[in-house]
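First up is the structure itself, then whatever we jot down about it.
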Amino acid sequence: MKTLPSFPLALLLTAGLLLAQSSPAADMELEVQGVSEEQGQLLVSVFAEAKDWLRKPVLVFKAQAAERKDGKVLIQLRELPEGNLALNVSHDVNGNGRLDMNAMGMPTEPYGFSNNAAGMFGPPAFDKAQFSVKPGTRIVVQLN
């Protein structure tokens, strides 16, 4: 009786498990409105879970504000995990790679959230910004 060598079999089983566990990816389009200046960049952070909201994005995208047309920038977000996500967008006008804040912790650069969600005294909750992603999704975020 012939037996298969254990290493190739283990490799095949591992590859099969990894493929079965990987979630499908989706591409979507994000339209950012209210881009009033051509300087700097737009920073887009994508979050998959409430516990990571505004702390640990699953993906980060950048686009140049100079690409704006009529105050809007279209950004293609690729390879997003399908399901429920939330995102925040900031216009890093001075190009330092982050959203600047004043001494009170209030943003001094334009920002926005998916669903145009807003919080009372701070950012909105994850569930208010959450949206469903599937291939072809398109959302609009208005910068404040």
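The table that follows gives values for the structure above.
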item	result
Residues of segment 81-99 satisfying the condition of being in a loop (DSSP other than H, G, I, E, B) and either surrounded by 19 or more Cβ atoms within 10 Å (Cβ to Cβ) or of a type in the set (A, V, I, L, M) (or both)	VAL93, LEU99
Residue match in segment 81-91 (condition: over 11 Å from the mean Cα position of the chain (by Cα) and among the hydrophobic types (A, V, I, L, M, F, W, C))	no
Every pair of residues 6+ apart whose Cβ atoms lie under 7 Å, when the first sits in segment 80-94 and is more than 17 Å from GLU109 (Cβ to Cβ) and in contact (Cβ under 8 Å) with a residue 60 or more places away in the chain while the second is surrounded by fewer than 24 Cβ atoms within 10 Å (Cβ to Cβ) and among the aromatic types (Phe, Trp, Tyr)	none
Residue check for VAL140: surrounded by fewer than 11 Cβ atoms within 10 Å (Cβ to Cβ) and in a strand (DSSP E or B)	no
Test result for ASN115, surrounded by 12 or more Cβ atoms within 10 Å (Cβ to Cβ) and without any contact (Cβ under 8 Å) to a residue 40 or more places away in the chain	yes
Any chance PRO107 is in contact (Cβ under 8 Å) with a residue 12 or more places away in the chain and either surrounded by 11 or more Cβ atoms within 10 Å (Cβ to Cβ) or farther than 25 Å from ALA26 by Cβ (or both)	yes
Any chance VAL133 is at pLDDT below 95 and either in contact with a Pro (Cβ under 9 Å, 6 or more places away or on another chain) or farther than 16 Å from GLU29 by Cβ (or both)	yes
Residue within segment 100-107 that is closer than 14 Å to GLN33 by Cα and part of a loop (DSSP other than H, G, I, E, B) present	no
Test set (1) aliphatic (A, V, I, L, M); (2) touching a Pro at 6+ places or on another chain (Cβ under 6 Å); (3) modelled with pLDDT of 95 or more - VAL32 fails condition number	(2)
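Residues are listed down the side, and each one gets a yes or a no for (1) surrounded by fewer than 16 Cβ atoms within 10 Å (Cβ to Cβ); (2) within 22 Å of PHE126 (Cβ to Cβ); (3) among the hydroxyl-bearing types (Ser, Thr, Tyr):
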position: LEU42; (1), (2), (3): no, yes, no
position: VAL46; (1), (2), (3): no, yes, no
position: TRP53; (1), (2), (3): no, yes, no
position: LYS56; (1), (2), (3): yes, yes, no
position: PHE61; (1), (2), (3): no, yes, no
position: ARG68; (1), (2), (3): no, no, no
position: GLU79; (1), (2), (3): yes, yes, no
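The values are calculated or read from the model by the stated rules, or taken from the named source; none is laboratory data. All values derive from a computational prediction rather than experimental measurement. Note: ideal-geometry Cβ built from the backbone for every residue, glycine included; neighbour counts use all protein chains shown.
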